[in-house]
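What follows draws every value from the coordinates through simple rules; no lab data is involved. All values reported here derive from a predicted model rather than from experimental measurement. All Cβ positions, even for glycine, are placed from backbone atoms using ideal geometry, and neighbour counts span all protein chains on display.
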Amino acid sequence: MCGIVGYIGNKVAIPILVDGLKKLEYRGYDSAGVAVLDHNEIIVSKSVGKLVALEEELGVNYSQSYIGIGHTRWATHGRPSKVNAHPHCDCGQDFVVVHNGIIENYLELKDKLIEKGHQFVSETDTEVLAHLVEDYYAGDLEEAVRNVLKTIHGSYAMVVLSRKDPDRLVAARKDSPMVVGLGDGEYFIASDITAILNYTRKVYILDDGEMVVITKDGVKISDFEGTPRTKDVFDVKWDAVAAEKGGYEHFMLKEIHEQPRALKDTMLGRLEEERIVLQEVDLTLEELAQINKVYIVACGTAWHAGLVGKTLIERWARLPVEVDIASEFRYRSPLVDEHTLVVVVSQSGETADTLAALREAKNQGARVVAVTNVVGSTVSREAHDVIFTWAGPEIAVASTKAYTTQLEGMVLLGLYLAQVKGTLSSKKIGEVISALKKIPAQAQEVLDQESLIKELAKSFVNVEDAFFIGRSLDWAVAMEGSLKLKEISYIHAEAYAAGELKHGTLALITENTPVIALATQRDVYDKTISNVKEVKARDARVIGLTYKGNTSLSKSVDHVIYIPETLDELSPILTVIPLQLLSYYVSVARGCDVDKPRNLAKSVTVE
Ligand code: AGP
């Protein structure tokens, strides 16, 4: 997730662009840049790191141009560097582009453009857009951009500036947000309202499939075919801080709601009809044939994702998997050698314990695959292979969209290993892929139950203990649900394998003790119901969670939260969402600091 801005008007552009990018830094901050049109030359300034580095690069003698675009980056394709920073130009510096999103078919387009003689300088998907505009340009910038939009697949909010068409900005959006700010003789484009609140509170909120052409004389909106679109002006009532959270009260709630997009972005370019494509992983059949054991190593929520990964890899790829807490791994003399695959999972890619485990595994000859959300992070640079989750920056300490995209990473890796080893048929892989493609929309369906879950949360306000139970993959999600509740509401919560309760913990279940029972895994459903009845017999208050259409669970519990039907192997991605929302609303009701809970940090870079 990146931040883009554009300006055309009667003021010097660069200060406005930089100010806007500063407000968008929460969307990404590994590099930044601006481009302006000055005396018919495109002038580009870029820097690595936060905006302050760009300001130093610009100095005080910057261009006085009245038109420009800018970008602050969260890397997906191509590590953080000056050459990979946006804006990106074509061969002749006639066109310059900024982009937020992922161009799914950029590699094939790049190959075709190189065959036609285009020279590329970066590793990014975005640079393809600048060369495509150059390739299609035949005197009309708007027409050229329309042709580009017919050629690319993926998600984008893009803005194009050209010295061949000097007084206009042309922009388009699909699956990535974009707004147009309406000033007095000046106009703004931005990823979201945050960037332009200092200048105007009147905006058009663009929808998917819309293009906009902006000149000093005004704004023209159309669909990709050129049919004009009319828009109501949205009068912004938010303050700047609220705007950074997209109008949500906390980053955590915003990030919970970003999950459908994050899940969609993380599968972009990786799913064919019956085949997984992981460009960043080049485990060959010969190399995989040497692997006889897998370790998944991580901390906290990432470790919970590893618990799911274990089941998927063992079930699909038929490889034995051990899941280790990173801070324990290297002190227990793990049986690691050149026949071991070690998967490290880390949202930040900087967790000290996980990094130490990665280094220990490499020292002992293992092949290391990282699943991480930060391009250029230490974990991503030191692993042999990487599966990036494309969730965008996760600001709240409590991990949500990173977890569900880590689960997606486990699914992709499990299928990839099975595909390379031939332990799953193409047909079976195709079935899982088909179900996975439905997950983003199903996640949205779960989110649409927010008000019901908010109501349920009220009954937890004075609770002191809570228990999460489940079997198989439901147990792994129960672990995550328990962590979410305790880390942001400070309620003591525990997760148990449902079959394990009677071996001791059942002694803690008394009248009205809240128990959240996950009951999706079809092969152990009846057993789970028996365990639910055990706690009900002790007068616990039970909230059940199961697939829509299952009418039996409601007979055994006090409330039921339903999720859309999917494969049992994919259900953790959906079942965790109600638990995230429940924890969030309990935390808010108890007046806790949701985004920055006491004693915790977003990335634990100390052992
Ligand atoms: C989860 O909500 C916590 N923020 C924490 O457990 C986190 O998952 C853990 O510290 C690992 O962080 P990482 O994924 O950045 O390595």
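Any idea what log10 I(q)/I(0) is at q = 0.18 Å⁻¹ for segment 150-271, Debye with uniform C-alpha scatterers and no solvent? Debye intensities relative to I(0), on a log10 scale: -1.05.
Remark: segment 450-607 is approximated by an ellipsoid whose semi-axes, taken from the C-alpha gyration tensor as √(5λ), come to 24, 17, 16 Å, largest first. Only the Cβ atoms of Lys and Arg (+1) and of Asp and Glu (-1) were treated as charged; on that basis the dipole of segment 1-132 about its Cα centre amounts to roughly 340 debye.
Summing Lys and Arg as +1 and Asp and Glu as -1 over all other residues whose Cβ lies under 12 Å from the Cβ of Val5 gives a net charge of 0. Could you calculate the FRET efficiency of Asp235 with Asn40 from 1/(1 + (r/R0)^6), where r is the beta carbon distance between them and R0 is 25 Å, rounded to 0.05? So the FRET efficiency works out to roughly 0.10. Centre-to-centre, using Cα atoms only, segment 526-561 and segment 114-161 are separated by 54 Å. Sorting Ser426, Ser327 from the fewest to the most surrounding beta carbons within 10 angstrom yields Ser426, Ser327.
Among Glu258, Glu273, Glu280, sorting on how many other beta-carbon atoms sit within 10 Å of each Cβ, with the fewest leading, yields Glu273, Glu280, Glu258. Between segment 52-69 and segment 465-496, the C-alpha centres lie 50 angstrom from each other.
Counting charges near Thr513 (Lys, Arg +1; Asp, Glu -1) among other residues having Cβ under 14 Å from its Cβ returns a value of -4. Overall size of the chain from C-alpha positions, given as principal axis extents largest first: 78, 56, 44 Å. Per the Kirkwood formula applied to alpha carbons, segment 540-580 shows a radius of gyration over Rh ratio, Rg over Rh, of 0.97. Going by neighbour counts of Cβ atoms within 10 Å, the residues Met178, Met158, Met267 line up, fewest first, as Met267, Met178, Met158.
Under Stokes-Einstein, with the Kirkwood radius over Cα pairs as Rh, the value for segment 59-218 at 20 °C and 1.002 mPa s is 133 µm²/s. Taking Cβ atoms as reference points and 10 Å as the exclusive limit, the residues near Ala589 contribute a net charge of +3, counting Lys and Arg as +1 and Asp and Glu as -1. Separation of the alpha carbons by more than 32 angstrom is noted, of Lys110/Lys596; Lys50/Lys116; Lys11/Lys164, for Lys110/Lys596; Lys50/Lys116. Kirkwood-type hydrodynamic radius, segment 195-335: 20.6 Å, calculated from all non-identical alpha-carbon pairs.
For the chain, the longest principal axis of the C-alpha atoms and the axis of helix 300-317 are separated by about 80°.
Please state the shape class of segment 83-151: rounded when a/c is under 1.5, otherwise prolate if a/b exceeds b/c and oblate if not, all from the C-alpha gyration tensor. Because its axes are fairly even, with a/c under 1.5, segment 83-151 counts as rounded.
The HN-Hα couplings worked out from phi for segment 494-500 by the Karplus form 6.51 cos²θ - 1.76 cosθ + 1.60 (θ = phi - 60°) are 9, 10, 9, 4, 3, x, 9 Hz, whole numbers, x standing for Gly and Pro. Taking 0.36 nm per residue of separation and subtracting the current Cα-Cα distance, fully stretching the chain between Glu115 and Glu431 would add 110.1 nm. If the label point is 7 Å along Cα→Cβ of Lys220, which residues in segment 152-176 have backbone nitrogen under 15 Å from it? Only 165-172 pass the distance filter. In this Cβ point-charge picture (+1 for Lys and Arg, -1 for Asp and Glu), the chain has a dipole of about 1080 debye about its Cα centre. For a test of the definition: using alpha carbon positions, the gyration tensor, and the 1.5 limit on a/c, classify segment 300-367 as rounded, prolate or oblate. In terms of gyration-tensor shape, oblate. Take every DSSP beta bridge whose two residues both sit in the chain; close to 60 percent of them are antiparallel.
With helices as the sole contributors, the chain gives -10500 deg cm²/dmol at 222 nm; each DSSP H run of n ≥ 4 counts as -39500 (n - 2.57), and the sum is divided by every residue.
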